[in-house]
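*Asks:* I am attaching a structure below and will ask some questions about it afterwards.
The values are calculated or read from the model by the stated rules, or taken from the named source; none is laboratory data. Just so we're clear, the structure is a prediction, and the values are computed from it rather than from any experiment. Cβ atoms come from the backbone with ideal geometry, glycine included; neighbour counts cover every protein chain shown.
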Amino acid sequence: MRKPASMWSLETLGRVRLSKHFYMRDFLYSEIAGFHGRTNIPENPDLVISHGRAFCTELLDPLEETFGRIAVRSGYRSPELNRYGNENKLNCARNDNPLECHIWDYFDGDAAIAGASIVVPWFADRYDQGRDWRDLAWWIHDHLPYSDMWFFPKLAALNLVWRAQPQRTISSYIAPRGMLLRAGEAPQEPLARRQARYADFPPFRGIAYP
């Protein structure tokens, strides 16, 4: 049985630095936990930190370096909290759903996973003016080692997912709805056309870590 976490231990976990731009505290807040009086305590903090570091260094840091501040709408959810969210129809997938990216404790062979629902404010401003969500999707596809993306109509928010074994899939609830890219498929749009979509984006800025 997992021992109850003290306020001190949660505060210590929150101080863990995952990458240049992100700390664990950035991902621990949960509206479900706050509104429903639940806790959001990792079952396996070591896995959460390890997977979170990979997610932040490989995906979120380059996004923030390139576009400025990245807003985290929904980050880590403990298995217990996510199960509560699913059972009470609070927009949480089942814990055993392969697409559930918020449970960073999960590990099964090569199935390490971490993800979050994020907004890129720089792009959200342009999306509000009619910009096609696929412009950002293809930019991420061509620049970052993501595994999965799911786009949502409000703010062009997306679930961005890191996996130890990337699947490289893109889906959306924004028109055109459905799957833009399936695992193992090549993009239907050629590289030159994809690059034309995001020709006015800021220059890509990765990070060289020591």
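*Asks:* Using the structure shown, decide if Ala137 is under 21 Å from Arg197 (Cβ atoms) and in contact with a Ser or Thr (Cβ under 8 Å, 6 or more places away or on another chain).
*Replies:* yes
*Asks:* While we're here: If only one of Arg131, Arg177 is free of Cβ contacts under 8 Å to residues at least 60 places away in the same chain, closer than 21 Å to Cys101 by Cα and of a type outside the set (A, V, I, L, M, F, W, C), which one is it?
*Replies:* Arg177
*Asks:* Are any residues in the range 19-31 assigned to a loop (DSSP other than H, G, I, E, B) and either basic (Lys, Arg) or under 14 Å from the mean Cα position of the chain (by Cα) (or both), and if so, which ones?
*Replies:* Result: Lys20, Phe22, Met24.
*Asks:* Also: Evaluate the following for Ala71: is it buried (at least 18 other Cβ atoms within 10 Å of the Cβ) and either touching a residue at least 24 places away in the same chain (Cβ under 8 Å) or under 30 Å from Pro202 (Cα atoms) (or both)?
*Replies:* no
*Asks:* Hey, another quick one. Can you tell me which of (1) under 21 Å from Arg53 (Cα atoms); (2) exposed (fewer than 11 other Cβ atoms within 10 Å of the Cβ) is the one Ala164 doesn't meet?
*Replies:* Checking Ala164 against (1) under 21 Å from Arg53 (Cα atoms); (2) exposed (fewer than 11 other Cβ atoms within 10 Å of the Cβ), the one that fails is (2).
*Asks:* At pLDDT 95 or above, touching a Leu at 6+ places or on another chain (Cβ under 9 Å), within 29 Å of Pro45 (Cα to Cα) and of a type in the set (Phe, Trp, Tyr) - does that describe any residue in the range 115-134?
*Replies:* no
*Asks:* Could you tell me which residue of the range 88-114 is modelled with the highest pLDDT, considering only residues that are aliphatic (A, V, I, L, M), part of a loop (DSSP other than H, G, I, E, B) and within 15 Å of the chain's Cα centre (by Cα)?
*Replies:* Top of the filtered list is Ile103.
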